[in-house]
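Student: Can you read through this structure? Questions will come right after.
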């Protein structure tokens, strides 16, 4: 019968796919597989009533109008990170204090991919979603169906939800980037970005063409033939059901066994065809896991040991000097391009001239560079070589690379400065900072527009933005009337920004966003800034003598006072009405925000806190009342845990301020 033949072909093809994509052990040739697949495809086409969602032919996908939010049935927690073996031992000590010595652990490589949740009913794949914020993700079932390492039908009639990591093999990543470059498209920065971009295609046929795979690492069993009592047995059971698991896992007797595993893979990981940035260590006994429970964001029974930042050597070809908005001269290493942590690096920070002297960096040296997470690459040492001593010592350039004026030292500062107020590079840097999100947030006026305005002599200082007309913007190449109006209107709207934004935008040395907010909490108008003594300024929490002196001098500079009058004439209101709290329910409380929030930006969350009388800070201390931890929270969260500061997740914070997700008080 036709239906029997269709069922047979499906079972055979699923078996062959499992052996090929999960076990890496092909049973038949590609030609034989394609022949069977073609037969099934033709039978289903002739008998469409027999097509089922778990058929191998249903992996191709189609067009979606968008991704719907879905609430996870079981929350996906984050993991706390550790960076040293001593930290691992302290984590393990807390566990053994409760359960005795030699608590078994499972070590798994931490895959640098995208966390995913897959749900199965009666053995069939019914839906899958991204991690999102751990509580709400995006349903991308159609795209997940195209990934051949994800079984559409399990080897058992079970109801389970599994967690896994979607990744793109390094070889597939390189091939994809070669194709992108050949087609004139932008290459992906690293395999994780490539996987994310592939997984979130509205056209799932594009996802199907990308070589994505998945490692499964946790089952949540609702109904099945087995109920494992340990995490290790759970992983083995997942494999029996038909999922792909990472072969590089290990059951160890204690923390020293886990440390041995970490040491082994610290360098061995580079031999793998996928990216991994650490080791996840879990308590094996599931009953112990249940007793240990969770913090507000992470399980207490698991931790992630992060490998040290990737380092690589390359040749330093030149040292270029950049001029910042305060006139600070920053040396930048120009390098032979090299792939570091998934992206091509050709420039790296040298911080300042003291650092060049400390490292004894010379042009032509082979240098070691490193990059941690999203941090700018930096030169960390000069590699030993006989050529080094024959290279000339680096001579500090004594003149500004932009205006040619002498570079000068400033008392108490490591950096050298160009103090010429008319330096073109410094003026452009000030203009770009003025429109930045951190400052006046004029998002429609970018660096290229500023460059054109500057070259035409239309804008030389921030005040000049407010002298522009729509006709001035129309003088720029490729700018049409709609864009000209948008830029003009955005500039006019910026006059309504809070006083803290204006103070930030002034580019006072050592006064950034956080310091500006601390200042305007105490000084409620521009007049108060003008009247404040150095002593009064230094008393403000987080300011201090050095910054106080910079602020005082800035607000007693004759040119700056004239500039303030000009801003006032253009309609600026320098009274601090935006920072006046609407209520005092958070009065006396200091909050630190870290990680990515889902329903709002950190700036928006900070505005809510201030509107209710609270304060925000950029650093965690014993005086911190609460730390609000979003996704991918980093060292601030670790410090808060060490100090015993109360940690809130996003939903707990929203509840505290009387809001729901996607509600904002603006």
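Student: Does residue 491 count as in a loop (DSSP other than H, G, I, E, B), at negative phi and either surrounded by 14 or more Cβ atoms within 10 Å (Cβ to Cβ) or touching a strand residue (DSSP E or B) at 6+ places or on another chain (Cβ under 9 Å) (or both)? Quick ask: steps written out before the conclusion?
Tutor: Working: in a loop (DSSP other than H, G, I, E, B): no; at negative phi: yes; either surrounded by 14 or more Cβ atoms within 10 Å (Cβ to Cβ) or touching a strand residue (DSSP E or B) at 6+ places or on another chain (Cβ under 9 Å) (or both): yes.
It is false that residue 491 is in a loop (DSSP other than H, G, I, E, B), at negative phi and either surrounded by 14 or more Cβ atoms within 10 Å (Cβ to Cβ) or touching a strand residue (DSSP E or B) at 6+ places or on another chain (Cβ under 9 Å) (or both).
Student: Any chance you could count how many residues in segment 540-549 are under 24 Å from residue 414 (Cα atoms) and either buried (at least 18 other Cβ atoms within 10 Å of the Cβ) or outside the structural domain of residue 514 (by TED's automatic domain parsing) (or both)?
Tutor: The number of residues fulfilling the criteria is 3.
Student: For residues in segment 414-431 being within 11 Å of residue 451 (Cα to Cα) and free of Cβ contacts under 8 Å to residues at least 60 places away in the same chain, which is surrounded by the fewest Cβ atoms within 10 Å (Cβ to Cβ)? Show your work before the answer.
Tutor: Going residue by residue through segment 414-431, those that are within 11 Å of residue 451 (Cα to Cα) are 424-425, 427-429, 431.
Retained after the next criterion (residues that are free of Cβ contacts under 8 Å to residues at least 60 places away in the same chain): 424, 427-428, 431.
Values: 424: 15, 427: 22, 428: 21, 431: 25.
Here the residue is 424.
Student: Something else: Condition check: buried (at least 20 other Cβ atoms within 10 Å of the Cβ), in contact with a helix residue (DSSP H, G or I) (Cβ under 7 Å, 6 or more places away or on another chain), within 17 Å of residue 573 (Cβ to Cβ) and not assigned by TED's automatic domain parsing to the domain that holds residue 327. Does residue 537 satisfy that?
Tutor: For residue 537, the condition - buried (at least 20 other Cβ atoms within 10 Å of the Cβ), in contact with a helix residue (DSSP H, G or I) (Cβ under 7 Å, 6 or more places away or on another chain), within 17 Å of residue 573 (Cβ to Cβ) and not assigned by TED's automatic domain parsing to the domain that holds residue 327 - is not met.
Student: Moving to a separate point now. So residue 504 ticks every box in (1) more than 34 Å from the chain's Cα centre (by Cα); (2) closer than 30 Å to residue 407 by Cβ but one. Which box is left unticked?
Tutor: Failing condition for residue 504: (1).
Student: Would you pick out the residues in segment 314-337 that are closer than 12 Å to residue 349 by Cβ and surrounded by 17 or more Cβ atoms within 10 Å (Cβ to Cβ)?
Tutor: 319, 331, 332, 333, 335
Student: Quickly run through segment 292-310 and pick out the residues that are within 20 Å of the chain's Cα centre (by Cα) and surrounded by 15 or more Cβ atoms within 10 Å (Cβ to Cβ). Before you say what the answer is, go through the steps one by one.
Tutor: As a first pass, look at segment 292-310 and keep what is within 20 Å of the chain's Cα centre (by Cα): 297-298, 303-310.
297, 298, 303, 304, 305, 306, 307, 309, 310 - these are the residues of segment 292-310 that are within 20 Å of the chain's Cα centre (by Cα) and surrounded by 15 or more Cβ atoms within 10 Å (Cβ to Cβ).
Student: How many residues, within segment 519-558, are assigned to a helix (DSSP H, G or I) and touching a residue at least 60 places away in the same chain (Cβ under 8 Å)?
Tutor: Residues that pass the stated criteria total 1.
Student: State all residues of segment 127-141 that are surrounded by fewer than 21 Cβ atoms within 10 Å (Cβ to Cβ) and not in a loop (DSSP other than H, G, I, E, B); if no residue qualifies, say none.
Tutor: 127, 136, 138, 139, 141
Student: May I pose another question? Answer yes or no: is there a residue in segment 97-105 that is touching a helix residue (DSSP H, G or I) at 6+ places or on another chain (Cβ under 9 Å), assigned to a helix (DSSP H, G or I), at pLDDT 90 or above and farther than 17 Å from residue 216 by Cα.
Tutor: Within segment 97-105, one or more residues are touching a helix residue (DSSP H, G or I) at 6+ places or on another chain (Cβ under 9 Å), assigned to a helix (DSSP H, G or I), at pLDDT 90 or above and farther than 17 Å from residue 216 by Cα.
Student: Can you tell me which residues in segment 337-364 are under 26 Å from the mean Cα position of the chain (by Cα) and not in a strand (DSSP E or B)? Steps first, answer last, please.
Tutor: So the first thing to find is which residues in segment 337-364 are under 26 Å from the mean Cα position of the chain (by Cα), and the list is 337-351.
Of everything in segment 337-364, those that are under 26 Å from the mean Cα position of the chain (by Cα) and not in a strand (DSSP E or B) turn out to be 341, 342, 350, 351.
Student: Being surrounded by fewer than 17 Cβ atoms within 10 Å (Cβ to Cβ) and out of contact with any helix residue (DSSP H, G or I) (no Cβ under 6 Å at 6 or more places or on another chain) is the filter here, so list the residues in segment 234-256 that pass it.
Tutor: 236, 239, 240, 247, 253, 254, 256
Student: Could you say whether any residue in segment 278-292 is farther than 21 Å from residue 86 by Cβ and free of Cβ contacts under 8 Å to residues at least 24 places away in the same chain?
Tutor: Yes, the conditions are met somewhere in segment 278-292.
Student: Now, a different point. What number of residues within segment 97-115 are within 18 Å of residue 252 (Cβ to Cβ) and free of Cβ contacts under 8 Å to residues at least 12 places away in the same chain?
Tutor: The qualifying residues number 1.
Student: While we're looking at this one, here's another question. Within segment 603-635, restricting attention to residues that are within 19 Å of residue 304 (Cα to Cα) and either buried (at least 19 other Cβ atoms within 10 Å of the Cβ) or assigned by TED's automatic domain parsing to the domain that holds residue 514 (or both), which residue is nearest to the chain's Cα centre (by Cα)?
Tutor: 633
Student: Suppose we keep only residues that are out of contact with any strand residue (DSSP E or B) (no Cβ under 8 Å at 6 or more places or on another chain) and part of a loop (DSSP other than H, G, I, E, B) within segment 149-183. Which one would you say is nearest to residue 56 (Cα to Cα)?
Tutor: 155
Student: Considering segment 308-336 alone, what residues qualify as being part of a strand (DSSP E or B) and closer than 24 Å to residue 266 by Cα?
Tutor: Within segment 308-336, 310, 311, 312, 313, 314 meet the criteria.
Student: Please verify whether residue 208 is over 24 Å from the mean Cα position of the chain (by Cα) and farther than 22 Å from residue 89 by Cβ, treating the condition exactly as stated.
Tutor: Here the answer is yes, as residue 208 does meet what is asked.
Student: Can you name the residue in segment 258-291 that is part of a helix (DSSP H, G or I) and touching a strand residue (DSSP E or B) at 6+ places or on another chain (Cβ under 7 Å) and, of all such residues, is surrounded by the most Cβ atoms within 10 Å (Cβ to Cβ)?
Tutor: The residue in question is 258.
The values are calculated or read from the model by the stated rules, or taken from the named source; none is laboratory data. A quick note: this is a predicted structure, and the numbers were derived from the prediction, not measured. Every residue, glycine as well, gets a Cβ built from its backbone with ideal geometry; the counts of neighbours run over all protein chains shown.
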